[in-house]
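Novice: One structure, as structure tokens, below. Some questions next.
The values are calculated or read from the model by the stated rules, or taken from the named source; none is laboratory data. Note that this is a predicted model, so its numbers are computed, not measured. Backbone-built Cβ (ideal geometry, glycine too); neighbour counts: all protein chains shown.
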Amino acid sequence: MEEITKDIIKLAARGDSNAFEKIYRSASGFVYNVALRTSGSYDTAAEITQEVFLKVYEKLSGFRQDSAFNTWLYRITVNTSLNVLTRNSRYNCRVIDINAVPDIALTESPVHERAEKNAENDEIQRLLNLLPEEQKACIVLRSVEGLSYKEIAEALNVNINTVRTRLKRAREMLVKHAPKGVVNQ
């Protein structure tokens with residue numbers, strides 16, 4: 001994620017649409033990636049991303065810049081992801097995402113490499129789906145986004161020891177259910 005300056009944040013908080021667009025362009029990939037990893041669905045990730053940026057737009061004027069903007073954004077993203085997943089879990093149905101099916105004719109890699117990569121991604125997502133939402137959020141922020149324990153604690157608004165415990169339990173669950181060689185501790 002590209003650095004978002006305090007000046008851009010101030011301008012966006014005052015309603016400058018160009019400044020807000022810079023924030024969106026810089027951070028939307030990160031938000032979508034976290035949402036995709038926590039939800040396992042392209043459509044849900046898009047829904048979460050939209051909700052996150054609506055919240056950012058509404059709450060940006062209240063951002064005091066006491067903490068880093070990225071930390072504030074992580075917190076909004078994870079909380080929104082958890083809320084959407086909880087809301088959607090009531091419907092508990094699986095829908096096949098037609099967009100998830102790769103267009104083999106447009107790929108440049110050989111078919112078998114693409115199939116292996118898809119199978120690997122499916123296995124990773126299957127393992128992530130075994131985790132409780134709080135543990136999944138910690139794993140995604142640590143392993144996918146590379147945040148420190150302190151950054152995760154700030155993003156989730158929990159104690160750093162809670163982060164350690166959630167990561168430990170998540171890793172134990174992943175190792176227990178993963179095929180040999182898929183999960184690295």
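Novice: Give all pairs with beta carbons closer than 7 Å in which a residue from the stretch 53-81 that is in a helix (DSSP H, G or I) meets a residue that is charged (D, E, K, R) and surrounded by 12 or more Cβ atoms within 10 Å (Cβ to Cβ); count only pairs at least 6 apart in sequence or on separate chains.
Specialist: Final answer for the pair search is THR71/GLU151; THR71/GLU154; ILE76/LYS55; THR80/GLU51; THR80/LYS55.
Novice: Quick check: is even one residue across the stretch 13-27 closer than 23 Å to GLN135 by Cβ and at pLDDT 85 or above?
Specialist: No: zero hits.
Novice: Another question, if that's okay. When you look at THR107, is it at pLDDT 65 or above and surrounded by 11 or more Cβ atoms within 10 Å (Cβ to Cβ), yes or no?
Specialist: no
Novice: Here are some conditions: (1) farther than 27 Å from GLN135 by Cα; (2) modelled with pLDDT of 90 or more. SER61 meets all but one. Which one does it not meet?
Specialist: (2)
Novice: Checking VAL163 against (1) more than 18 Å from TRP72 (Cβ to Cβ); (2) crowded, with 18+ Cβ neighbours inside 10 Å; (3) at pLDDT 85 or above, only one condition comes out false. Which one?
Specialist: Going through the list (1) more than 18 Å from TRP72 (Cβ to Cβ); (2) crowded, with 18+ Cβ neighbours inside 10 Å; (3) at pLDDT 85 or above, VAL163 breaks only (1).
Novice: Next up: Among the listed residues ALA35, ALA19, ALA27, ALA46, which satisfies the condition of being part of a helix (DSSP H, G or I), hydrophobic (A, V, I, L, M, F, W, C) and surrounded by fewer than 16 Cβ atoms within 10 Å (Cβ to Cβ)?
Specialist: Answer to the selection: ALA46.
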